[in-house]
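Chemist: Please read through the structure below; I'll follow up with questions.
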Amino acid sequence: MHNILVLLRKEWRESLRNKMVLFGALFLPAFMVGAALFMIVQGQGVDIPGAQAALFNTALMYFLVLPAVIPLAIAVYSIVGEKEQQSLEPLLATPVTDLELFLGKALASVIPALVITWASFGLFLGLSIPFAGGVPPHVLTIPWLAAIFGLTPLLSLTSVGITMIVSSRASDARAAYQFSSFAILPPIVPLIIYSTRKALVSVALVGVEGGVLIVAAVAVLAIAVRLFRREQILTRWK
Amino acid sequence: MIRSEGLTRRFGAVTAVDGLDLVVERGEVFGFLGPNGAGKTTTVRMLAALIAPTAGGAHIGELQLGRDNRAIRRRVGVLTEAPGLYRRLSARDNLLLFARLHAVSDPSSRVERYLRLFDLWDRRDDLVGTLSKGMRQKLALARALVHDPDVLFLDEPTAGLDPEASRRVRELVESLRSKERTIFLCTHNLDEADRLCDRVELFKARIVALGKPAELKERMYGRRTVIHFGDRPQGLERALDLPFILDTEWADDALVVGLSDPERENPILVRRLVELGAEVRYVNELRVSLEDLYLDLMEEHDA
Ligand SMILES: Nc1ncnc2c1ncn2[C@@H]1O[C@H](COP(=O)(O)OP(=O)(O)OP(=O)(O)O)[C@@H](O)[C@H]1O
Ligand SMILES: [Mg+2]
């Protein structure tokens, strides 16, 4: 535990000094808050119930895209950066275990992803009051809250897992970015389903997505852990 | 302190290290020399419990490779081939990270001590990306030492250092030796190995030669006396009929004489030369560099 905290501190200190990471982690949330507000302001006047629901749902969906996208920037630079600096070998020469190293890297992106997602969601709810008189209670239902608070950790874990696998194989940040970007598929696919169904989110839907995500997260993290063995890192990673 | 038996590492078809048997005593500075691709870095990685051997094994003190890897990593310090520092962190933060991972009791003061030791205290808050190559190398060395390891693996410690900094590193190695630390030194700087190492091993996937530098040179070249003359005397070698002379050769205007016991034989030799009418200007011992020895032994090994 001590080592994980030490590693987290180092990861965050490095990320804060990396403009690319800061941009990736802060620009998109700000943009999403703005876009979501715009959606509900637009939705106010619409009195066809289906269309309004679709707009409101899309707005809320943005907050499920964030936990999948924010870890990308952080994890890509945290792993490709170590490779470029050849800094993994000295790190691996310390008593840190492979799992500690893995968890340090994974949590370094999952924790900020969740904090930023929830903070932007709070900001959105707060700003929606002056802009649109708040999000109507029949939109912001239990399934939505379950999605925003229950699905986000799973989404960011899946995303981190995918990014870690891709980054361990990629030799530069740009390639890693490109290949990891399909980590945003898990929140995008339901987005399409919801917005075409023109209906409000249900507990069943959130439950099914949660189940799928648990399987996905466990699978990608299991693969990622295997790639994060000292021997692998030192002899196979390029 | 370091003991390996049949240590072997293969990468696919390449055998990087082939059955290395090694004994390095506590408090010894052991030079590990060999050409590029000889397997030095691979050996260090195995001994520091970073990668696993394909065959064979090793002990660091009483700790067994494979079984006690974590304890081994706690006990050893490694200066890796590439400095591998975090460029976006300050010099101090780089060291603090490693002091904390090694659970050093008072990280801040320990880090300060090493930053001062390497003249980096004034630059402590500068990002590593802004330091010069030599400063980074010193910082990497400080990082390898920050937890006070018993055994230190140094993979080319003075590469890229200016003469003064190299000297500082040599002094540091000397002082660590006097504290009974064991040092495993890989280097291409043969002069440094000659001055610093108690024993050296010439290595190229397998052992080529092993011993004290002076002994190795003597074993290879014998002991030789060089005599410089005022003007090169004619036919001198033939007139030199002393029974203890092993061989003679001319190097420019100097005569190089192979002897087995020069302390006893030199006075007799010089007296005889003077009797023969030679004008002796200087007499000294032939100094063979470790470089000459290395090049000759490697050539012999490859043939
Ligand atoms: N991860 C790896 N994958 C494949 N081959 C490797 C790997 N690491 C080392 N080798 C091979 O093992 C051999 C020994 O390499 P090593 O780096 O140990 O040499 P070295 O003595 O440290 O050389 P140098 O003086 O250039 O640093 C080389 O042929 C190298 O190509
Ligand atoms: Mg090497």
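Chemist: Based on a Kirkwood Rh over C-alpha pairs, give the Stokes-Einstein translational diffusion coefficient of region A:2-237 at 37 °C and viscosity 0.692 mPa s in µm²/s.
Modeler: 177 µm²/s
Chemist: Among B:Ala52, B:Val29, B:Ala13, whose Cα lies farthest out toward the positive end of the dipole of region B:1-69, if unit charges sit on the beta carbon of Lys, Arg (+1) and Asp, Glu (-1)?
Modeler: The residue sitting most towards the positive pole is B:Ala13.
Chemist: Using only alpha carbons, build the gyration tensor for region B:2-211 and give me the equivalent ellipsoid semi-axes, biggest first, whole Å.
Modeler: Working from the Cα gyration tensor, I get semi-axes of 28, 19, 16 Å.
Chemist: Here's another thing I want to ask about it. Once region A:26-166 is represented by equal point scatterers at the alpha-carbon sites, with solvent omitted, what log10 I(q)/I(0) does the Debye formula produce at q = 0.13, 0.19 Å⁻¹?
Modeler: -0.62, -1.03
Chemist: Scan region B:213-303 for GluC sites (Glu not before Pro) in coil per DSSP, keeping those whose Cβ has at most 15 other Cβ atoms within 10 Å, and list them by number.
Modeler: When the GluC sites (Glu not before Pro) of region B:213-303 are filtered for loop state and at most 15 Cβ neighbours within 10 Å, B:Glu279 remain.
Chemist: Provide the descending list of Cα extents for region B:74-144 along its principal axes, expressed in whole angstroms.
Modeler: Cα spread of region B:74-144 along its principal axes, largest to smallest: 29, 25, 21 Å.
Chemist: In region B:1-78, how does Rg compare with the Kirkwood Rh, expressed as the Rg/Rh ratio over alpha carbon atoms?
Modeler: Dividing the radius of gyration by the Kirkwood radius yields 0.94.
Chemist: Can you pull out the buried accessible area for chains A and B, both sides counted, probe 1.4 Å, rounded to the nearest 100 Å²?
Modeler: 2800 Å²
Chemist: Quote the relative contact order of chain B in percent (integer), defining contacts as alpha-carbon pairs under 8 Å separated by 6+ residues.
Modeler: For chain B, the relative contact order is 19 percent.
Chemist: A further question follows. Please average, across the residues of B:95-101, the number of beta carbons from any other chain that are within 10 Å of each residue's own beta carbon, and give a whole number.
Modeler: Mean partner shielding for this stretch: 6.
Chemist: With a 10 Å cut-off between alpha carbons and a GNM built on chain B, which of B:Val173, B:Val283, B:Val76 moves the most?
Modeler: Among B:Val173, B:Val283, B:Val76, the largest mean-square fluctuation in the Gaussian network model of chain B belongs to B:Val283.
Chemist: Give me the log10 of I(q) over I(0) for the protein assembly as shown at q = 0.06 Å⁻¹, as the Debye formula computes it from C-alpha points; what are the numbers?
Modeler: The Debye formula, applied to the Cα set alone, gives -0.45.
Chemist: What is the sum of charges, Lys and Arg at +1 and Asp and Glu at -1, for the other residues whose Cβ falls under 11 Å from the Cβ of B:Ala99?
Modeler: +1
Chemist: What number do you get for region B:256-303 when its Cα radius of gyration is normalised by 2.2 N^0.38 Å, N = residues?
Modeler: In units of the globular-protein estimate, region B:256-303 measures up at 1.63.
Chemist: Could you work out the mean count of beta carbons from other protein chains within 10 Å of each residue's beta carbon in B:74-85?
Modeler: 4
Chemist: To the nearest 20 Debye, how big is the dipole of chain B about its Cα centre, given +1 on the beta carbon of each Lys and Arg and -1 on that of each Asp and Glu?
Modeler: 1860 debye
Chemist: Size of region A:101-225 along its principal axes in angstrom, Cα-based, largest extent first?
Modeler: 49, 29, 23
Chemist: A further question on this structure: With a cut-off of at most 13 other beta carbons within 10 Å, and DSSP calling the residue loop, which trypsin sites (Lys or Arg not before Pro) in region B:141-231 qualify? Please list them.
Modeler: Here the trypsin sites (Lys or Arg not before Pro) that fit, given the DSSP loop and packing criteria, are B:Lys179.
Chemist: Within region B:1-86, report the GluC sites (Glu not before Pro) that DSSP leaves as loop and that have at most 15 other Cβ atoms within 10 Å.
Modeler: Loop-located and lightly packed - B:Glu25, B:Glu62.
Chemist: Rg(Cα) of region A:80-139 divided by 2.2 N^0.38 Å?
Modeler: Normalised Cα radius of gyration, region A:80-139: 1.92.
Chemist: Another question about this same structure. Hey, which of these cross-link pairs are over 27 Å Cα-Cα: A:Lys105/A:Lys238; A:Lys105/B:Lys204; A:Lys83/B:Lys179?
Modeler: Too far apart for the 27 Å limit: A:Lys105/B:Lys204; A:Lys83/B:Lys179.
Chemist: While we're here: When the C-alpha atoms of region A:106-162 are aligned to their principal axes, what extent does each axis show, in angstrom, from largest down?
Modeler: 39, 20, 12
Chemist: Now for a separate question. In region B:221-291, with Lys and Arg counted as +1 and Asp and Glu as -1 at Cβ, which of these residues, B:Val256, B:Val283, B:Gln234, has the Cα nearest the positive end of the dipole, that is, farthest along it?
Modeler: Checking the options against the dipole of region B:221-291, the answer is B:Val283.
Chemist: Could you give the size of the charge dipole of chain A about its Cα centre, using +1 on the Cβ of each K and R and -1 on the Cβ of each D and E, expressed in debye and rounded to the nearest 20?
Modeler: Computed about the Cα centre, the dipole is about 340 debye.
Chemist: In the calculated pair distance distribution of region B:221-291, what percentage of Cα-Cα distances lie above 19 Å?
Modeler: Cα-Cα pairs in region B:221-291 separated by more than 19 Å: 25 percent.
Chemist: Mean projection of the alpha-carbon convex hull of region B:184-253 over all orientations, in nm²?
Modeler: 7.2 nm²
The values are calculated or read from the model by the stated rules, or taken from the named source; none is laboratory data. In this text, all values refer to a predicted model and were calculated from it rather than measured experimentally. When we count neighbours, we look across all protein chains shown, and the Cβ atoms used for this are built from the backbone with ideal geometry, even at glycine. Accessible surface areas use protein heavy atoms only, side chains included; no ligands, DNA or RNA. Shrake-Rupley method; radii C 1.70, N 1.55, O 1.52, S 1.80 Å.
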